[in-house]
1. When residues of segment 28-83 are filtered for being closer than 24 Å to ILE215 by Cα, assigned to a helix (DSSP H, G or I) and of a type in the set (D, E, K, R), how many remain?
2. Are any of the residues in segment 148-155 among the hydroxyl-bearing types (Ser, Thr, Tyr) and either in a loop (DSSP other than H, G, I, E, B) or closer than 18 Å to LYS71 by Cα (or both)?
3. Looking at the structure I just gave you, is SER189 in a helix (DSSP H, G or I), surrounded by fewer than 20 Cβ atoms within 10 Å (Cβ to Cβ) and not charged (D, E, K, R)?
4. Can you find a residue that is under 14 Å from the mean Cα position of the chain (by Cα), part of a helix (DSSP H, G or I) and free of Cβ contacts under 8 Å to residues at least 60 places away in the same chain anywhere in segment 89-97?
5. From the list TYR145, TYR177, exactly one residue is within 28 Å of PHE42 (Cβ to Cβ), hydroxyl-bearing (Ser, Thr, Tyr) and within 17 Å of the chain's Cα centre (by Cα). Which is it?
6. Just name the residue that is farthest from GLN57 (Cα to Cα) out of those in segment 98-147 that are in a helix (DSSP H, G or I) and aliphatic (A, V, I, L, M).
7. Quick check on segment 39-93: of everything there that is closer than 16 Å to ALA106 by Cβ and among the hydroxyl-bearing types (Ser, Thr, Tyr), which residue is surrounded by the most Cβ atoms within 10 Å (Cβ to Cβ)?
8. Mind checking whether some residue in segment 36-54 is under 22 Å from PHE203 (Cβ atoms), small (Gly, Ala, Ser) and at pLDDT 95 or above?
Amino acid sequence: MKLLYKVRHHRGHGIHSPFVFNLVTKVIEEKAPYHAYDDIKFALDSLTEKHFKLNKQNKLMFKLANHFEVKRVLEIGSGFGVNTLCLTAPSSNIECTCVEISEQKAALARKLYHNWARKINLHTEAALPVLADKQDCILIDLNNYNHLPADINRYLLELSHEKTFIIVKGIRTNKRYQMLWRSILNTESRTAVLDLFNTGILFFDKQLYRWNYQISF
């Protein structure tokens, strides 16, 4: 099945939306060696307990946050904190709220965050945090957090504005995660969706058509 995705909209072919075409060719498939990658790698190398290497998924998180100039991020299922560094690397003004219910992962993430000059608030409770401000980016990693409440759609809507985008990782890890992804897809007022096989990206921009794009990644 993964092979089928390799021939879907590769390098933007067949995409008629200028917004999506630009996002695919200038962001998702972009290969520039950002200086921020060196900063992230330096922070990761400071850990002695575990060795991390940046992969293309991590770099995608940075490129999306950088491209859309996010200021507020909610990360549900932040794991060891690698994606947190990527999401907050574009600017020291980014505020990130993280949820990680595994104390082992959260403990290591705290060490990463300690020397990372960003505003990061880590929650370890299973309940999703109540936030006063709308979020520019919401990342849900189902491999780290799959206890989504029944009213997850309402929760996401309350925290979203028209330019918010939601990233969901692990959407095809198993059948249960596929069902969770389909539930999120039904969120009212969402428009374009980019399906990168095991990662999905939703937008709420009213200028975009309600359409699903399968992207090679």
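The values are calculated or read from the model by the stated rules, or taken from the named source; none is laboratory data. Only a predicted model underlies this, so the values are computations on that prediction, with no experimental measurement involved. Don't worry about glycine lacking a Cβ; one is built from the backbone with ideal geometry, like all the others, and counts go over all protein chains shown.
1. 3
2. The answer is no, given that none of the residues of segment 148-155 is among the hydroxyl-bearing types (Ser, Thr, Tyr) and either in a loop (DSSP other than H, G, I, E, B) or closer than 18 Å to LYS71 by Cα (or both).
3. no
4. No, the conditions are met nowhere in segment 89-97.
5. Result of the check over TYR145, TYR177: TYR145.
6. ALA107
7. SER78
8. Looking through segment 36-54, none of the residues is under 22 Å from PHE203 (Cβ atoms), small (Gly, Ala, Ser) and at pLDDT 95 or above.
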